[in-house]
Amino acid sequence: MKLTLKVWRQKNSKTRGRMETYPIDGIDEDMSFLEMIDVLNQNLIKEKKDPVAFDHDCREGICGMCSMFINGEPHGPEKGVTTCQLHMRSFKDGDTIVIEPWRAEAFPVIKDLVVDRSAFDTIIQAGGYISVNTGNAMEANAIPVDKSIANEAMNAAICIGCGACVAACKNSSAMLFLSAKVSHLNMLPQGEVEGKRRVLKMMKAHDEAGFGSCTNTGACSAECPKEISLSNIARLNRAYIAASLTSEESI
Amino acid sequence: MKLDSKVPKGDLGDKWTNYKSKVRLVAPNNKRRIEIIVVGSGLAGASAAATLGELGYKVKCFCFQDSPRRAHSIAAQGGINAAKNYQNDGDSAYRLFYDTIKGGDYRSREGNVHRLAEVSVQIIDQCVAQGVPFARDYGGLLANRSFGGVQVSRTFYARGQTGQQLLLGAYSALSRQIENGSVKMYNRHEMLDVVLIDGKARGIIARNLITGEIERHGAHAVVLGTGGYGNVFFLSTNAMGSNVTAAWKAHKKGALFANPCFTQIHPTCIPVSGGYQSKLTLMSESLRNDGRVWVPKRKEDCKKHPNEIPEEDRDYYLERIYPAFGNLVPRDVASRAAKYVTDEGRGVGKTGYAVYLDFSTAINRLGKDLIAERYGNLFDMYHRITDENPYEVPMRIFPAVHYTMGGLWVDYELSTNVPGLYAIGEANFSDHGANRLGASALMQGLADGYFVLPVTIGSYLADEIRTAATDTNHPAFKKAENEVKTRLEKLLNIKGDKSVDDFHIALGKIMWDKCGMAREGKGLKQALKEIQELRAEFWKNVFIPGDAHEFNPELEKAGRLADFLELGELMVNDALDRNESCGGHFREEYKSKEGEAVRDDENYRYVAAWGYSGDPSKPELHKEALDFEFVELKTRSYK
């Protein structure tokens with residue numbers, strides 16, 4: 001395959017970026033999208049030019065590191081995949097492909113396609129855990145959990161924290177990410193105890209980190225590589241209102 | 001050097017209990033002043049950092065990824081073992097211990113392995129309390145499945161994403177400690193050296209990967225949870241960033257590196273499809289619960305569509321050769337069997353380097369829905385990568401490098417031979433011998449991090465309560481920092497013609513061909529020469545764009561590869577020294593008539609712990625004899 005790539009190049013967070021055009025040839029349709037970028041980078045290195053910086057690690061769709069905005073969609077055109085799982089068979093010979101970083105105020109660009117997503121860590125640190133020290137635990141089978149609840153918690157827990165939801169949202173809201181964690185923990189009996197505190201603290205951290213508000217367009221869920229459901233946001237909103245009205249504690 | 005394993009005396013089941021009762025403690029007021037550096041945030045690193053923080057120590061945790069949640073433990077699929085005996089199928093701590101010792105081909109320490117089996121049950125309790133959504137049955141209780149090399153169902157799982165859920169559990173515990181200030185997290189930082197003062201580990205030199213700044217960090221102890229070195233093979237199931245650098249720097253500062261040639265080749269990975277390939281993808285071992293491995297009986301059938309090959313023309317070779325364990329033989333055995341049938345010319349697929357993993361029997365017996373529930377995400381992953389639907393066509397799989405049993409030598413307390421320097425999880429060599437059983441890596445990482453290290457480290461730190469905070473202006477820090485900076489400049493100034501990947505691919509090929517699934521004396525000797533030549537060429541002809549004061553992934557890769565180029569040679573030397581076949585180490589010269597591994601317990605019943613002499617080609621061998629008090633050494637048989 002022969003392609004034309006238009007790639008965002010930006011030296012660091014302090015300089016202005018621009019789109020650069022790179023023709024590329026000899027691309028195999030069984031290559032992953034990142035392997036195609038590897039080819040581009042090897043070509044650039046051979047020409048003694050600076051290769052395109054991009055985040056990637058596991059290359060099997062689970063670490064959440066890869067983060068490319070491809071032809072206007074986070075992780076590209078296929079549903080339910082990360083960039084590393086996207087294959088070149090999804091494109092046609094002669095295509096022009098536009099590749100940008102995640103764009104959101106809370107995710108500043110570090111270099112080229114690499115952004116800083118530590119705001120996600122900050123949200124988790126605010127309450128995305130169950131307060132149990134090592135050694136505190138009771139026997140694992142002491143609390144039976146309804147299989148369907150465990151399943152639903154798992155459906156939320158599979159979030160990989162890649163940030164596609166934020167990149168897809170016109171408000172740069174991280175509500176899908178936040179709600180997935182709140183759903184996962186609040187649904188389980190182990191996590192219910194500190195449920196109110198969790199939702200209030202995490203929501204506050206979300207807003208302070210510079211993420212926008214949710215207007216329920218659903219783009220986040222449509223673009224989520226793990227297809228996390230929008231119903232998590234509804235659940236979060238209910239939990240937030242309930243906690244705001246009934247929490248004994250002010251956060 | 002005399003290596004003291006420090007395994008406590010006494011009965012197998014009493015060792016850990018007695019140790020815990022007598023180990024020295026650090027009082028809470030002193031813990032507040034004691035600093036510990038944890039490098040790595042995978043299952044071992046994150047669980048250790050979180051637990052040490054909970055105990056009240058001042059912890060600094062480092063990871064090279066943009067968030068601790070992304071460490072490669074996250075990619076583990078199948079599950080985690082624990083001797084809960086929830087299935088009432090005769091499991092016990094002793095049986096888990098025995099399976100692990102046997103699975104490791106009698107090349108691990110009894111005391112360490114029994115402790116691992118004992119704490120396995122606590123891990124499950126802890127993870128459930130953290131909210132890890134393990135699979136459950138309709139009664140709401142935890143479900144189990146089987147894994148290779150054992151005859152009980154003791155594996156706990158969360159779909160095909162167990163590693164992810166366990167890591168997110170540890171990450172949540174870590175996040176809680178970061179929030180309350182007991183752990184300070186350094187993302188996008190890479191450790192580039194360990195600093196020793198008066199022979200004790202007192203800190204590290206790290207590079208801020210965003211700015212390129214070289215930083216000094218002091219502590220009372222340093223813990224490495226930096227994972228394995230499978231990427232020395234270039235193609236492996238490891239993440240792109242997984243590397244040996246932290247462990248290797250520790251080795252060059254005096255820490256012994258044990259059994260480096262013990263590498264695990266996982267039997268069920270998606271085969272290589274082209275020269276552009278950057279990594280290999282694992283298909284969980286759990287698939288062998290329901291999938292049947294086969295190749296055509298006749299070479300001439302290999303290019304036929306698998307569904308056109310009738311039952312009688314298929315060779316279900318694992319079931320045929322190993323009737324007792326069938327498709328669930330341990331990984332080393334399954335991988336080697338795949339190598340034999342493809343060497344015979346009976347491999348399938350485009351390249352001939354693949355065998356079938358067929359689910360049609362299970363789908364007929366259990367229905368497509370149940371199979372989808374068990375393995376749906378793995379089937380989807382396979383479908384996406386290969387463009388073939390495994391519900392209709394058998395998967396094609398082939399062995400790939402997956403895990404390294406070798407690592408830094410540690411004693412029972414998980415301390416390296418350098419005082420104050422600890423190694424946990426895959427970074428150490430301790431529990432899996434020459435072959436690791438499936439679902440045991442997660443168990444070991446979390447055992448070390450949650451339950452073992454936080455106890456054993458007290459025995460060292462109890463003597464350090466009067467030691468003031470480490471002064472990072474000490475000459476040892478200056479020297480180490482200068483060495484790091486000089487090396488980075490040296491790499492950048494080579495300005496040669498080949499990329500880092502060019503060299504890495506070449507190294508990977510040498511390692512896979514000559515020190516991979518099967519090794520032979522002659523090939524190993526050849527490999528030594530080739531690696532030395534490649535290393536010399538690397539230092540003359542590599543090209544790294546950019547400079548050291550910016551975000552520069554090529555520079556990171558070059559530094560890691562420089563270390564792999566030294567480690568590779570040590571692995572080959574270790575493989576040459578070990579004139580026997582055991583577990584993942586299979587020497588062509590030492591096999592039975594049936595092609596099974598032949599161990600030499602009389603001469604090689606030891607841990608090979610290698611010291612660094614200053615010249616990577618002249619490592620110094622130290623031996624720790626392995627004594628078996630409680631199990632009888634047998635020929636490992638799964639027939």
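Within segment B:462-519, the set of residues being part of a loop (DSSP other than H, G, I, E, B), over 24 Å from the mean Cα position of the chain (by Cα) and within 30 Å of residue B:532 (Cα to Cα) comprises B:495, B:496, B:497, B:499.
Within the set of pairs 6+ apart or on separate chains, which have a first residue in segment B:258-284 that is within 14 Å of chain A (Cβ to nearest Cβ) and small (Gly, Ala, Ser), a second that is in a loop (DSSP other than H, G, I, E, B) and buried (at least 24 other Cβ atoms within 10 Å of the Cβ), and C-beta atoms under 7 Å apart? Cβ pairs passing all conditions: B:278/A:59; B:284/B:77; B:284/B:78; B:284/B:160. Among the residues making up segment B:157-190, those that are touching a Phe, Trp or Tyr at 6+ places or on another chain (Cβ under 6 Å) and under 28 Å from residue B:481 (Cβ atoms) are B:186, B:189, B:190.
Okay, residues lined up against (1) within 11 Å of chain B (Cβ to nearest Cβ); (2) touching a helix residue (DSSP H, G or I) at 6+ places or on another chain (Cβ under 6 Å); (3) open to solvent by less than 10 Å² (accessible area, probe 1.4 Å); (4) among the small types (Gly, Ala, Ser):
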residue	(1), (2), (3), (4)
A:138	yes, no, no, no
A:154	yes, no, yes, no
A:172	no, yes, no, yes
A:196	no, yes, no, no
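A residue that is in a helix (DSSP H, G or I), away from every other protein chain (no Cβ under 11 Å) and crowded, with 24+ Cβ neighbours inside 10 Å occurs somewhere in segment B:213-230. For segment B:29-56, what are the residues that are part of a helix (DSSP H, G or I) and surrounded by 24 or more Cβ atoms within 10 Å (Cβ to Cβ)? B:43, B:44, B:45, B:46, B:47, B:48, B:49, B:50, B:51, B:52, B:53 - these are the residues of segment B:29-56 that are part of a helix (DSSP H, G or I) and surrounded by 24 or more Cβ atoms within 10 Å (Cβ to Cβ). Quickly run through segment A:156-170 and pick out the residues that are more than 7 Å from chain B (Cβ to nearest Cβ) and either charged (D, E, K, R) or assigned to a loop (DSSP other than H, G, I, E, B) (or both). Those that are more than 7 Å from chain B (Cβ to nearest Cβ) and either charged (D, E, K, R) or assigned to a loop (DSSP other than H, G, I, E, B) (or both): A:159, A:160, A:162, A:163, A:169, A:170. Looking at residue A:145, is it open to solvent by less than 50 Å² (accessible area, probe 1.4 Å) and either assigned to a strand (DSSP E or B) or at pLDDT below 95 (or both)? For residue A:145, the condition - open to solvent by less than 50 Å² (accessible area, probe 1.4 Å) and either assigned to a strand (DSSP E or B) or at pLDDT below 95 (or both) - is not met.
Residue check: is residue B:471 acidic (Asp, Glu) and within 25 Å of residue B:564 (Cβ to Cβ)? Taking the combined requirement at face value, the residue does not satisfy it.
Yes or no, residue by residue, for (1) in contact with a strand residue (DSSP E or B) (Cβ under 7 Å, 6 or more places away or on another chain); (2) more than 14 Å from chain A (Cβ to nearest Cβ):
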| residue | (1), (2) |
| --- | --- |
| B:98 | no, yes |
| B:105 | yes, yes |
| B:142 | yes, no |
| B:146 | yes, yes |
| B:149 | no, yes |
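Every condition in (1) more than 7 Å from chain A (Cβ to nearest Cβ); (2) out of contact with any Gly (no Cβ under 6 Å at 6 or more places or on another chain); (3) surrounded by 23 or more Cβ atoms within 10 Å (Cβ to Cβ) holds for residue B:118 except the one numbered (3). Scanning segment A:42-91 for residues that are free of Cβ contacts under 8 Å to residues at least 60 places away in the same chain, more than 7 Å from chain B (Cβ to nearest Cβ) and closer than 27 Å to residue B:68 by Cα turns up A:68, A:70, A:76, A:83, A:84, A:86.
Yes/no matrix, rows are residues, columns are (1) small (Gly, Ala, Ser); (2) over 20 Å from residue B:384 (Cβ atoms):
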residue: A:66; (1), (2): no, no
residue: A:72; (1), (2): yes, yes
residue: A:107; (1), (2): no, yes
residue: A:117; (1), (2): no, yes
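The condition of being at pLDDT 95 or above and within 30 Å of residue A:112 (Cα to Cα) holds for residue B:552.
Within segment B:443-461, the set of residues being open to solvent by 10 Å² or more (accessible area, probe 1.4 Å) and away from chain A (no Cβ under 12 Å) comprises B:459, B:460. Considering segment B:368-417, the residues that are open to solvent by less than 10 Å² (accessible area, probe 1.4 Å) and of a type in the set (Val, Ile, Thr) include one that is farthest from the chain's Cα centre (by Cα), namely B:371. A single member of B:170, B:158 is open to solvent by less than 30 Å² (accessible area, probe 1.4 Å), more than 9 Å from every other protein chain (Cβ to nearest Cβ) and either small (Gly, Ala, Ser) or in a loop (DSSP other than H, G, I, E, B) (or both), and it is B:170.
Selection of segment B:583-629 for residues being closer than 16 Å to residue B:101 by Cα, in a loop (DSSP other than H, G, I, E, B) and open to solvent by 60 Å² or more (accessible area, probe 1.4 Å) yields B:605, B:627, B:629. Test residue B:265 against the stated conditions and say whether it is within 16 Å of the chain's Cα centre (by Cα) and assigned to a strand (DSSP E or B). Criteria met by residue B:265.
The values are calculated or read from the model by the stated rules, or taken from the named source; none is laboratory data. Quick caveat: nothing in here was measured; it's all calculated off a predicted structure. Note that we place each Cβ from the backbone using ideal geometry, even for glycine, and neighbour counts take in every protein chain shown. Quick note on the areas: whole protein, heavy atoms, side chains included, nothing else; ligands and nucleic acids left out. Shrake-Rupley method; radii C 1.70, N 1.55, O 1.52, S 1.80 Å.
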